[in-house]
Amino acid sequence: MGFSLIAGGPLALPARAEVKPAGPESVADLAESLLDAVVNISTSQNVKSDDKAPVPQVPEGSPFQDFFDEFFKGEGGDGSNQPQTVNSLGSGFVIDPKGFIATNNHVIEGADDIEVNFANGSKLKAKLVGTDPKTDLALLKVEPKAPLKAVPFGDSRTMRIGDWVMAIGNPFGLGGSVTVGIISARGRNINAGPYDNFIQTDAAINRGNSGGPLFNMKGEVIGINTAIISPSGGSIGIGFSVPTELAQNIFLQLRDFGETRRGWLGVRIQPVTDDIAESLGMSGGAKGALVAGVIKGGPVDNGSIRTGDVITRFDGKDVREMRDLPRVVAESPVGKAVDVVLLRDGKEMTVKVTLGRLEDDEKQAENEDAATGDEETTEEEDLAPDTGEQAQPKASETVLGMGIGDLDEEARKTFSIVESVKGAVITEVAPDSAAAERGIVPGDVIVEIGQEAVASADEVKTRIAKLKSEDRRNVLMMVANHSGALRYITVRID
């Protein structure tokens, strides 16, 4: 600490600033009240060893003989291809005094035997009630002789960045362990599943914490600790928890039905980029989810939602970006009638839709994909067939670096375009063009321009010329690949 001398007076020290606590003064009472509800989950899995490497030989009577016999031959002592047992540890917590225990799916996945170890040292065999791999959650059931200590769920939606949280788990198999930190971020997408909406925390989460609870300072569970980012496997202050706004309903469904029952809208969506937002005349910039296709036979196949609509609000919840929509739809009950706010032809409107069930309708969508080829792909080589040995198409108009031709039978044969696709075919793409930058390839078909259908190369040329005369910077096009998969793209007008 620096100081100064004042002539003729005593040593002068700066005034002591008021020190504010850096965190909770203590969480001892809170932790003590919760530890009994947090459990260790031990699993074992029988796996067959395929290791056929030769067993090292040692001389008879060698002092190392017993070691080699035990290590390489196992208890059987014959070195045969015997099953081996793989053990793992994780955490969980009691959500119902009757014996329901929440954890992560990856903690118990593939387990032949599940055992729950309680803080008082008692152990109980557990039965798997149900799992949800899409959110990495699982529910177990034990049969206790007396009601168990359970912890309540809190509302993770009220948690703010900077709020204090406490994690309890069983890292490294050492027994109950408590760590404290804050919420570092919300709404994290770590590409773990289709409904990523993780809480990020710097409360230390290590191996063995998976499936354990993240508490607020009221002792309510607001997250399930699921993943960490760490080069070494230990905590570096970046941990992720599934929020209870998503997890609580999943656990209730697993308890009541043994499976999940998610809502399903029956649309294919893509992001709304700045260029697409400008082309659609959207005020306020890019937002929402752009409907790129409606699944035949799905809940909105009645025309209530159409291709080209931009969904901005679902059942009272804002859809700020594309990934928000699948999550809020999945959280909604099957059969519920909901209001959907969307933009169509530049106007905002509200439509009422009744949700189907995702788990029932996924197969229906897969069957449709197989029948029509209406599937999403990010592999450019899958967007058009190899045409190296096929006849070249007739001469075509060149627009925005694309050769455009009529979609006649010759073009269908050349590019293997299915009969269900209508529009104007793209016969060639200049390598350095704006169209090439957007991933357009020969064999793609322009179905719409500016949300209006086109049926010929002349119509494409006329529409683009009109947009140029209006000083538009981009052209919004619906494009189908050779198998019929639709997507919206914008191409810069040079």
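The values are calculated or read from the model by the stated rules, or taken from the named source; none is laboratory data. These numbers come from a predicted model, not from an experiment. Here the Cβ positions follow ideal geometry from the backbone for every residue, glycine too, while neighbour counts run over all protein chains shown. These accessible areas exclude ligands, DNA and RNA; they are computed on the full protein's heavy atoms, side chains included. Shrake-Rupley method; radii C 1.70, N 1.55, O 1.52, S 1.80 Å.
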With the cut-off at 29 Å, tell me which of the pairs Lys296/Lys352; Lys296/Lys317; Lys98/Lys218; Lys413/Lys468; Lys218/Lys352 have Cα atoms farther apart than that.
Lys413/Lys468; Lys218/Lys352
Cα-based Rg (one decimal) and Dmax (whole number) for region 243-319, in Å?
15.8, 47
In Hz, Karplus ³J(HN,Hα) per residue of region 479-485 (6.51, -1.76, 1.60; θ = phi - 60°; x = Gly, Pro):
10, 10, 7, 5, 9, x, 5
Calculate the spin-label point distance for Lys149 paired with Arg186, positioning each point 7 Å from the Cα along the beta-carbon direction, and give it in nanometres.
3.0 nm
On a full-extension model of 0.36 nm per residue, what is the gain between Glu25 and Asp96, subtracting their alpha-carbon distance, rounded to one decimal in nm?
22.5 nm
Table column - 3J(HN,Hα) (Hz), region 454-462, Karplus curve with 6.51, -1.76, 1.60, x for Gly and Pro
10, 10, 8, 5, 5, 5, 4, 4, 5
Run the dipole for region 130-207 about the Cα centre, Lys and Arg Cβ at +1, Asp and Glu Cβ at -1, nothing else charged, and hand back the magnitude in debye, nearest 20.
100 debye
Provide the packing ranking of 346-353, 204-211, i.e. peptides ordered by the mean count of other C-beta atoms within 10 Å per residue, highest first.
204-211, 346-353
The answer for Ser332, listing residues at least 5 apart or on another chain whose modeled amide H is closer than 5 Å to its amide H, is Gly263
If the chain between Thr462 and Met322 were fully extended at 0.36 nm per residue, the gain over the current Cα-Cα distance would be 47.2 nm
Can you give the accessible area per residue of region 205-334, in Å², using a 1.4 Å probe?
38 Å²
Pop out the ³J(HN,Hα) list for region 116-124 in order, Karplus 6.51 cos²θ - 1.76 cosθ + 1.60 with θ = phi - 60°, rounded to Hz; leave Gly and Pro as x.
9, 10, 8, 4, 7, x, 6, 9, 9
Please sort 292-303, 152-163 by packing, taking for each peptide the average over its residues of neighbouring beta carbons within 10 angstrom, highest first.
292-303, 152-163
Cut-off under 5 Å, modelled amide H: who pairs with Ala185 long-range:
Gln200
Which cross-chain or sequence-distant (5 or more) residues have an amide H under 5 Å from the amide H of Thr398, H modelled 1.01 Å from N in plane?
Ile404
Taking the highest mean first, how do the peptides 430-440, 212-222 order by number of other beta carbon atoms within 10 angstrom per residue?
212-222, 430-440
Once fully extended, how much extra length lies between Ala455 and Ser44, figured as 0.36 nm per residue of separation less the alpha-carbon to alpha-carbon distance?
141.8 nm
So for the pair Glu348, Thr158, with labels modelled 7 Å out along Cα→Cβ, what separation do we get in nm?
2.9 nm
Roughly how many percent of the accessible protein surface of region 96-245 is carbon and sulfur, given a 1.4 Å probe and a whole-percent answer?
51 percent
